[in-house]
1. Among the candidates A:P304, A:P329, which residue alone is within 30 Å of A:R190 (Cα to Cα) and within 19 Å of the chain's Cα centre (by Cα)?
2. Mind checking which residues of the range A:16-45 are among the hydroxyl-bearing types (S, T, Y), at pLDDT 95 or above and crowded, with 23+ Cβ neighbours inside 10 Å?
3. How many residues does the range A:177-227 contain that are outside any helix (DSSP H, G or I), without any contact (Cβ under 8 Å) to a residue 40 or more places away in the chain and farther than 30 Å from A:D75 by Cα?
4. Show the residue pairs meeting these rules: Cβ distance below 8 Å; 6+ apart or different chains; first residue within the range B:217-234 and among the charged types (D, E, K, R); second residue at pLDDT 95 or above.
5. Scan the strands (runs of 3 or more DSSP E) fully inside the range A:1-119 and keep the ones with 2 or more residues being free of Cβ contacts under 8 Å to residues at least 60 places away in the same chain, away from chain B (no Cβ under 14 Å) and under 30 Å from A:V321 (Cα atoms).
6. So, in the range B:70-127, how many residues would count as being over 25 Å from B:V38 (Cα atoms), among the aliphatic types (A, V, I, L, M) and surrounded by fewer than 18 Cβ atoms within 10 Å (Cβ to Cβ)?
7. Filter the range A:228-253 down to residues that are out of contact with any Pro (no Cβ under 8 Å at 6 or more places or on another chain) and part of a helix (DSSP H, G or I) and give me whichever is surrounded by the most Cβ atoms within 10 Å (Cβ to Cβ).
8. Filter the range B:193-216 for residues that are part of a helix (DSSP H, G or I) and touching a residue at least 24 places away in the same chain (Cβ under 8 Å) and give the result.
Amino acid sequence: MTELRLSGWGRTAWSTSEVVSTSDVAIAREAAVESGPRGATARGLGRAYGAAAQNAGGRVIEFLDRSGALPIDLDVETGVLRASAAVSIEEVLHHSVPRGWFVPVTPGTRLVTLGGAVASDVHGKNHHVDGSIGRHVERIGILLSDGRRTEIGPDLHPDWFWATVGGMGLTGLITDVVLRMRPVETAAMRVETRRIPDIDSMFTVMSEDDDSFPYSVAWIDLMATGRSLGRGVLTVGRHASLAETGKTGADTEYRTRALLGAPRVVPNGLLNRASIRAFNEMWYRRAPRKPEMSTESIPAFFHPLDGVRNWNRMYGRSGFVQYQFIVPPGREDAMTSIVAEFARGGIGSFLAVLKKMGPSNEGMLSFPTEGWTLALDLPAGSDRLAPLLHRIDEMVIDSGGRHYLAKDCHLMPWAVRAGYPRLKEWQKVRDEMDPIGIWTSDLARRLDLVPMNGNGRFEQSKKKDDL
Amino acid sequence: MVVNGVGEISTVWVFGGTSDLAIATVAELARDGIARVVLLCRDVKRADGVVTMLTERHPRMEVHVRPFDGSDIDRVPDVIARLTADFGDVDVAIVAHALLGADVDLLGDATGLRELGDVNYTGTTVVLASVARQMSLQKYGRLVLFSSVAGERVRRANVAYGASKAGIDAFAQGLDHVLVEHGASVLIVRPGFVRTKMTTGMADAPMSTTPEKVGRSVARAIRSRKRIIWVPAQLRWVFMVLRHLPTWLWRRLPV
């Protein structure tokens, strides 16, 4: 157990927690049950951008398979995978791709644990077709605050299951996951890339139902304005067939060697408006005007940023903010206004991604729902950032949308109350699963997700207004 | 202090929620973003104006008012427990409540003396320590005490007040020695003469300042690592000299 300063991937909002690092459920249980008045928070690989996996003054249980020694049980006939929640998607893919199976959903990084993936109900480039990961989970093993470990699933205590999928680790510590994988013939992707000149064209093209390419995402140039507002590069893909490449997943080694690492110390302001504008122009022009096909490896298509270890350091000491939200279908006008607001906002972003989203699952606090999502990185440290984000918050909520808690680092409670109509329902189930009030996090406290200081854990004053 | 990813504060507690200096500080902090403010004061009705002002300027900010009697020392730990139960963690706590004791006759009013000492010194030590305890559990927090130059060297005009400020100032400095080991810290604010409700009708002093100026300086200092600030800043040097004046000269000064 060590006292550590922790933050999210954005490297902002640091706090001090007592960290227990283990992949052993018995040790995790002890750490949870004896966690003290500040409670406990589960942590995986720390890829949540905000403060979801840290606990100021409290305990953090880093449930992580550092040695890569945890077994992965993949039934090669049925594609059902059983593994500890401490195992990462990277480890899963190393095991499964050579055997002809792929994860049904992956976020933009494979460096997340299965536990973290379920707790954030991650979605990927195929959300509009395949939904988020929750749809493909058969069972979750979960450690509750009283030390009990129990199993839940869509058919086994479904309310507990759907409170845990997308529940940001606040219902319990996820110990095991049973996931339905999907068959793939190769370790390659067939990819079509094209330039799109503006946001309206973007909406039109992305709305065309194209069954041949289940994976689809657009990079948006957030610095472009005027007629080029929302111009970008659309990438669609599908798994390559054996006929196309001649090599199975077992033949092609699934290589995920990181190509380089970001330097330890990066001067602040390396990524500024000028450098970002230059990058965006280059990136846009690089893409072909007409659709062009190519073949890419799985890591290159799904997880390009994982090729640069610790890329989050490029933003320097003040870190950065990830902002992701959804606007409902039919509200493309709201998305256009928001893109315009960012373009005007004076804070450059070079990583902005637009995607069409499909229907939601039954997760009460799960983010993905039908509509359009925009996810972008913004350097922190500018004092124009807070007012800009608050203006955008209002626009998102006004349009009937909501924000992704796994990315959030700045929202105030009203935006979660307004964006998640099932919040109270979720809180009720959560309190049922955690009556002692152990599971918490800095995020949960900032957003009022869990009862203040735990129900019953502290002596509550008797009468509210009597002093 | 743990701020969110864009430098905004979650929760501010204000003891002495109708104090002009505290209000000015909160108003300034709110411009950079606060999610929730809890004002604690003796007479909650008097806070209505503050609540209106803050909620008009910042419609998304939650503003709560709670009764707080600085002389009811035994209740203080319970008050703090109630605050954490209702509002959770505290990022910034401002302690600004005090009695001026202008009508306390030093030689004749033992009760008045005692009351002032209870509120300004003894009670405030318990408030500071109780809040510090919560911050030590959180491993973060900024505890702000409104002290005064009146404590730097006591004047005939406000002996009891000045002396209580001298005492609480020293206590806060000591508390900081303990708090920093837990990741939180104390900020002591020493304003000079400020034109406020408390000083209405009193003759203006040289280098006097306004609540707005104090608010700006304090808000800036809260976000820094500063331990002690003087407002205006040059008072530090002024008092460095004044402290060493011979007594007969000090007594003659029109300050």
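1. A:P304
2. Result: A:S17, A:T41.
3. 6
4. B:R225/B:S185; B:K226/B:L187; B:R227/B:Q173; B:R227/B:D176; B:R227/B:S185; B:R227/B:V186; B:R227/B:L187; B:R227/B:I188
5. Once the strands (runs of 3 or more DSSP E) in the range A:1-119 are filtered for at least 2 residues that are free of Cβ contacts under 8 Å to residues at least 60 places away in the same chain, away from chain B (no Cβ under 14 Å) and under 30 Å from A:V321 (Cα atoms), what remains is A:15-22.
6. Total satisfying the criteria: 4.
7. Of everything passing the filter in the range A:228-253, A:T245 is surrounded by the most Cβ atoms within 10 Å (Cβ to Cβ).
8. The answer is B:P211, B:E212, B:V214, B:G215, B:R216.
The values are calculated or read from the model by the stated rules, or taken from the named source; none is laboratory data. Since we're looking at a predicted model, the values are computed, not measured. Cβ coordinates were reconstructed from backbone atoms using ideal geometry, including for glycine residues, and neighbour counts include every protein chain displayed.
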